Every structure is written in structure tokens, then in C-alpha cells.
Amino acid sequence: MISLNIRRMNIDDVAKVYQIEKDSFPIPWSQNSFLNDINNNKCARYLVACIDEKIVGYCGIWIILDEGHVTNIAISKEYRNLGIGKALFSTLISYSAQLGVRYITLEVRKSNSIAQKIYSDLGFNRVSVRKRYYEDNHEDAFIMVSEVNCDIDDNFSDENYSKLVMIDNK
């Protein structure tokens, strides 16, 4: 079993998140992009997944009214294929519901079948294609959408959000 603590990202997490971002994407977001979102973008929310205080993944969403748009999600290479991405993304969905989100959109590379499977498993449907969306190789992106149907937690705290998730990695 993997004990995963998923919590709000803070400024102290940015350097580690940026390292995961650089290791995961051909054209990574800059460290300043994350800092700007945390400090200045009232629509932005980021979660980090930690094992024994070590950040092993993160995801972000921009929330405008009742819509959430996933900005990015990545897991450290040495922690991939353990169910952490799915647990983190599932938590992002329920977290977003607490903030009033009723549907979520995202783009995913046409070639990223692993991510597409996770998103489909969590209720996302492919609705369109963004032609030549990715700058590095002009690959198409699938646009995926899901309605959010999660129970509302009366004890939810956005600022102090933290959730313990147990993953059976067998």
C-alpha cells in the first residue's frame, strides 16, 4: 500500500514541482508561471501528491464560475504506473466540486493513450480535436469534458486542504 498525502501546493513546493514539470514535458511551464499562478491568479488551484513529505506529483486547474480547466498534471518518473496519477486526478475532481465546479475540460495529446484511459475511467468523454495544438511537434490534442458529480463536504477548507489516499499498488 502507498500512503499518499494530497494537499494544496504552496510557494515552497514550486522548485520541486518545476523539476517534475521539466522532466515530464518537452516545453515545460516556467517556474515563474507557477509562482504567478499561486501568487496572483485567483482562478488557479494546484494540488501536490506527497509520499513521506516528498512531492511525487502535482496537478493544476483554473476555475471560472462553474467550469474547471485542467492546466497540467505530472508524476515523477520513478513513481509512474503506481496509480498515483489517477488518485491525484480523482482528488482534483472532488476538490474542484467543493469549489462549485460542475464540469471540467482538458486537452490531452492524441498519442497519450495512458492519460486518455485514466480520464475516460474517471468519466471524461472526448468531444473535439484541437489540430496541431502542441508547439513541440504540432501534435493534435483531444478535448475531453466531464460533468462533476461529487458529494459536498460541509467541513471543506480550501486553504488547508489535505487528503490522505491509500493506493493498493499490487
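Across every direction, the projection of the convex hull enclosing the Cα atoms of the chain has a mean area of 9.7 nm². Solvent-free Debye calculation, one equal scatterer per alpha-carbon of segment 93-164: log10 I(q)/I(0) at 0.11, 0.24, 0.27 Å⁻¹ equals -0.36, -1.01, -1.14.
Neighbours of Asp37 by Cβ distance under 13 Å: Lys/Arg scored +1, Asp/Glu scored -1, total +1. If you run the Gaussian network model on the chain, springs between alpha carbon atoms under 10 Å, then out of Asn125, Asn155, Asn72 the most flexible one is Asn155.
Cα centroids of segment 139-170 and segment 78-124: 8 Å apart.
Annotation: per residue accessible area for the chain equals 56 Å², rounded to a whole number [probe 1.4 Å, protein chains only]. With respect to the cross-link table entries Lys22/Lys110; Lys42/Lys110; Lys16/Lys131; Lys77/Lys117; Lys22/Lys131; Lys42/Lys77, which display a Cα-Cα separation exceeding 27 Å? Beyond 27 Å between Cα atoms: Lys42/Lys110; Lys16/Lys131; Lys42/Lys77. Phe124 contributes an accessible area of around 10 Å² to the protein surface, as traced by a 1.4 Å probe with all chains present. Using a 1.4 Å probe on the protein chains only, how many percent of the accessible area of the chain belongs to carbon and sulfur? Roughly 46 percent of what the probe reaches on the chain is carbon or sulfur. Annotation: amide H of Tyr161 within the under-5 Å range of Arg8, sequence separation 5 or more or interchain, hydrogens built in the peptide plane.
Using θ = phi - 60° in the Karplus curve 6.51 cos²θ - 1.76 cosθ + 1.60, the 3J(HN,Hα) couplings for segment 154-161 round to 5, 9, 4, 10, 5, 4, 9, 4 Hz; x is entered for Gly and Pro. Size descriptor for segment 1-68, Kirkwood hydrodynamic radius: 12.6 Å (Cα pairs only, one decimal). With the chain treated as a Gaussian network of Cα nodes joined by springs under 10 Å, which of Ile118, Ile27, Ile143 yields the largest mean-square fluctuation? Most flexible of the set in this elastic network: Ile27.
The values are calculated or read from the model by the stated rules, or taken from the named source; none is laboratory data. The shown structure was predicted, so the numbers you read here are calculated from the model rather than taken from an experiment. Using ideal geometry, Cβ is built from the backbone for each residue, glycine included, and neighbour counts are taken over all protein chains shown. Keep in mind that these areas ignore ligands, DNA and RNA; they rest on the heavy atoms of the full protein, side chains included. Shrake-Rupley method; radii C 1.70, N 1.55, O 1.52, S 1.80 Å.
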